[in-house]
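Heads up: the structure comes next, in structure tokens.
What follows is calculated from the coordinates using simple rules that are stated; it is not laboratory data. Not measured: the values here are computed from a predicted model. Here the Cβ is made from the backbone with ideal geometry for all residues, glycine too, and neighbour counts use every protein chain on show.
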Amino acid sequence: MAKSHDGIHILQGLLVFGNVVIGMCGIALTAECIFFVSDPHGLYPLLEATENDDIYAAAWIGIFVGFALFALSIIGIVGVIKSNKTLLLVYIILMLITYAFEMASCITAATHRDFLTPNLFLKQMLERYQKSETENNNDKWMTEGVTKTWDKLMLQKQCCGVRGPSDWQEYTSAFRVTHKDADFPWPHNCCVMDARGSPVNLDGCKLGVPGYYNSNGCYDAISGPMNTHAWGVAWFGFAILCWTFCVLLGTMFYWSRIEY
Amino acid sequence: TRTMLPLLLLLLAMAHGQDESQYRPKLADPSLGGLKTTSTFVLEQPRCVFDKVQGDIVIWLVVAVPEAVPRFNNSVGPGTPERAFQGFPTSAPAYMTLNTTLLNYPCPKPPRDITVLRVGSETKCTKDKERPTCNGPLPGPGPYQVKFLALNGSEPVAETSWSEPITLRTAQPFSSIPTPGSGHSAGMIALTAILSILFAILLAGLLAMLVFWGSDTCGGTSTFTKPEMVTVQRYNTHHVYDQPAARL
């Protein structure tokens, strides 16, 4: 009897430890998802214009799941220490619901990340950047978002287009409709700027002289933060869920061993 | 002296610059990003080409469609309707532009300088009939052929050869960009599969728990039946106790 009593104590200790870790991970998940939702790189308008911003929905779910995990872990610790069967049953059922939500968030983030290809951003940029005739308010809002984001991106990251300035030459675009090719082979934001925000040498920029225009593409600057975002939500969530799985199995086993 | 004379002639020939009629205008260095766009292209300046030519010459760039090259007449002057940019390429199969004196093409060319001519850079005079020598953007992808022509007044004195045909870029419509439907990466598939399996195991565990709990309460009812058996035994012991009492 003493041996199994010790065994139960060890299991109790492990479950409490497991729940502490779940609680801390819950807080970390909430913090991470709040960080992503706050959009520090200012790339949200690009996602909004794809009309598929699931990756942000996944982060929003992550905020609430993280908080729920923290609250439930406290219930779990209390339930394990007091060996209260009802409390533990409530804990298990609520944890399973939270598990389902977090699963949805992880899968959404991972799936949606695969959707964000260079061609997608290229087509969107050509379609919306500096588009002059917008059909309705929604179109206008998305166009303004895309234009502002690209202008800021090209200036701050010293890049041009998705793959390079040749994007503006290889394809027609809304930009080309209002800006003649001879004056603007590519947008002026692709030129190397001086401290006051005007091109250092506009003719050099139009000619494409190396050093006077940005010859690299912006795709790395876009995909970097998006990858971090998606992987942060998807794989951290996956790790939490694997740990939670073990703790829940242990809790179910502990629950079945409690005698009235 | 007999051997000296050919040697002297050879030296004299070498001392002259390149013969301009053998020079072919060519595109500038390929490292320029804007070498060819959809309506402009960039040529090398004709440095050290027209040095031998005497007199007060003006060097013009002639841009023509390849069909006009065989029957091109050097004497037709710039500024005439037959050579006006605004009529190119329909009523004027060739136009002349970018006129400059030899002072702007000094020889020798400094090695570090970028000496280029951007054909098609003037957009303001595209429709201005008063400016027939406009260096306007080219109307289509071409091909085009160019040469340099030196005029003394209105008389042609020197020319280069025609260049190779130059074809400009054509822009594809952006709707032709393929945006393939989601190609699922291996990571995403692994994540979905593993999470689904774990969730299924947990649900099975919950089910087992609830069944176990249910069977526990069934066992509970069986424990409720136990007191009945005890009372029957009590009656038995009652009997047993009676007999010794009777003996006493």
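Which ³J(HN,Hα) values in Hz, rounded to whole numbers, follow from the phi angles of region B:83-93 under the Karplus curve 6.51 cos²θ - 1.76 cosθ + 1.60, where θ = phi - 60° and Gly and Pro get x?
Result, rounded to whole Hz: 10, 8, 4, 4, x, 7, x, 6, 8, 10, x.
Would you mind checking the tilt of helix A:219-257 against the longest principal axis of the Cα atoms of chain A, expressed as 0 to 90 degrees and rounded to 10?
10
Apply the Karplus parameterisation 6.51 cos²θ - 1.76 cosθ + 1.60, with θ equal to phi minus 60°, to every residue of region B:122-137 and state each ³J(HN,Hα) to the nearest whole Hz, in sequence, with x for glycine and proline.
Rounded to whole hertz, the list is 8, 9, 6, 9, 4, 10, 8, 5, 6, 10, x, 9, 5, 8, x, x.
Which three lengths, in whole Å and largest first, does region A:144-184 cover when its Cα atoms are put on their principal axes?
25, 21, 16
For helix A:137-156, what angle does its Cα long axis make with the longest principal axis of chain A, in degrees from 0 to 90 and rounded to 10?
It is inclined by approximately 80 degrees.
Once both axes come from the Cα atoms, what is the angle between helix A:118-128 and the longest principal axis of chain A, in degrees from 0 to 90, rounded to 10?
Long axis of A:118-128 versus the principal axis of chain A: about 50 degrees.
Multiply the residue gap between A:Thr117 and A:Ile10 by 0.36 nm, knock off their C-alpha separation, and tell me the result in nm, one decimal place. Can you show the working numbers first?
Working: separation 107, 0.36 × 107 = 38.52 nm, distance 4.97 nm.
Between A:Thr117 and A:Ile10, full extension yields an extra 33.6 nm.
Along its three principal axes, how long is region A:128-252 when you only count alpha carbons? Whole Å, largest extent first please.
Sorted from largest, the Cα extents of region A:128-252 read 72, 39, 29 Å.
Please tell me the relative contact order of chain A in percent, rounded to the nearest whole number, where contacts are Cα pairs under 8 Å and at least six residues apart.
Computed over chain A, the figure is 26 percent.
Using only the alpha carbon atoms of region B:94-175, find the Kirkwood hydrodynamic radius as the inverse mean reciprocal pair distance, in angstroms to one decimal.
Details: mean 1/r = 0.0648 Å⁻¹.
Evaluated on region B:94-175, it is 15.4 Å.
For A:Ile74 and B:Gln172, what is the calculated FRET efficiency with R₀ set at 60 Å and r taken between the beta-carbons, to the nearest 0.05?
Values: r = 59 Å, r/R0 = 0.99.
With a Förster radius of 60 Å, E is 0.50.
Using 0.36 nm times the number of residues separating A:Gln156 and A:Trp243, minus their current alpha carbon distance, what extension gain do you get? Before the final figure, lay out the partial values.
Working: separation 87, 0.36 × 87 = 31.32 nm, distance 4.05 nm.
Full extension from A:Gln156 to A:Trp243 adds 27.3 nm.
Report the GluC sites (Glu not before Pro) located in region B:72-148 that are in a DSSP loop and have at most 14 other Cβ atoms inside 10 Å of their Cβ, or state none.
Values: sites: B:Glu82, B:Glu122, B:Glu130; in loops: B:Glu122, B:Glu130.
Those satisfying the criteria are B:Glu130.
How high is the FRET efficiency from B:Asp128 to B:Ser154, r the C-beta distance, R0 30 Å, rounded to 0.05?
Once the sixth-power term is evaluated, E becomes 0.85.
Using the basic label-point model (7 angstrom from Cα toward the beta carbon), what is the A:Trp60 to A:Ile27 distance in nanometres?
Output for this residue pair reads 2.7 nm.
For the pair A:Asp194 and A:Trp141, how long in nm is the line joining their label points, each one 7 Å along Cα→Cβ?
Label at A:Asp194, label at A:Trp141, 4.1 nm between them.
Starting from the Cα gyration tensor of chain A, take the square roots of the eigenvalues, sort them a ≥ b ≥ c, and report rounded, prolate or oblate (rounded when a/c is under 1.5, otherwise prolate if a/b is larger than b/c, else oblate). All intermediate terms of the calculation are to be shown ahead of the outcome.
On the way: a/c = 4.33, a/b = 3.29, b/c = 1.32.
Prolate, since a/c reaches 1.5 and a/b exceeds b/c.
Ratio of alpha-carbon Rg to the 2.2 N^0.38 Å globular estimate for region B:20-161, to two decimals, please.
Details: Rg = 14.5 Å, N = 142, 2.2 N^0.38 = 14.5 Å.
After normalising by residue count via 2.2 N^0.38 Å, the value is 1.01.
Please work out how much length the chain gains when fully extended from B:Gln22 to B:Asn99, using 0.36 nm per residue of separation minus the C-alpha to C-alpha distance, in nm with one decimal. Don't jump to the answer; show the numbers that get you there.
Values: separation 77, 0.36 × 77 = 27.72 nm, distance 2.05 nm.
Full extension of this stretch gives 25.7 nm more.
Per residue, how big is the convex hull of the protein assembly as shown when only Cα atoms are used? Give it in Å³. Mind dumping the intermediate values first?
Working: hull volume 125.8 nm³, N = 508.
For the protein assembly as shown, the hull spanned by Cα atoms encloses 248 Å³ per residue.
With 27 Å as the limit, write out which pairs from A:Lys157/A:Lys180; A:Lys157/B:Lys26; A:Lys157/B:Lys124; A:Lys206/B:Lys147 have Cα-Cα distances beyond it, or answer none.
Details: A:Lys157/A:Lys180 25 Å; A:Lys157/B:Lys26 35 Å; A:Lys157/B:Lys124 33 Å; A:Lys206/B:Lys147 24 Å.
Result: A:Lys157/B:Lys26; A:Lys157/B:Lys124 exceed 27 Å.
Evaluate peptide A:217-225: per residue, the Cβ atoms of other protein chains within 10 Å of its Cβ; return the mean as an integer. Show your work: numbers first, answer last.
Working: counts 0, 0, 0, 0, 0, 0, 0, 0, 0.
The shielding value for this peptide is 0.
Provide Rg and Dmax in Å for region A:40-111, with only Cα atoms included in the calculation.
Considering region A:40-111 through its Cα atoms, Rg and Dmax are 16.5, 52 Å.
B:Ala200 versus A:Val177, label points 7 Å from Cα toward the beta carbon: distance in nm?
Inter-label distance under the simple model: 5.1 nm.
Just need log10 I(q)/I(0) for region A:1-136 at q = 0.14 Å⁻¹, Debye formula, equal scatterers on the alpha-carbon atoms, no solvent, rounded to two decimals.
Scattering profile of region A:1-136, log10 relative to I(0): -0.75.
Given N residues in region A:1-80, what is Rg(Cα) / (2.2 N^0.38 Å)? Could you put the intermediate results ahead of the total?
On the way: Rg = 18.9 Å, N = 80, 2.2 N^0.38 = 11.6 Å.
My calculation over the Cα atoms of region A:1-80 gives 1.62.
Quick test of your reading: applying the under-4.7 Å Cβ rule, which cysteines of chain A are isolated?
If one checks each Cβ against the other cysteines of chain A, A:Cys25, A:Cys33, A:Cys106, A:Cys242, A:Cys246 turn up with nothing under 4.7 Å.
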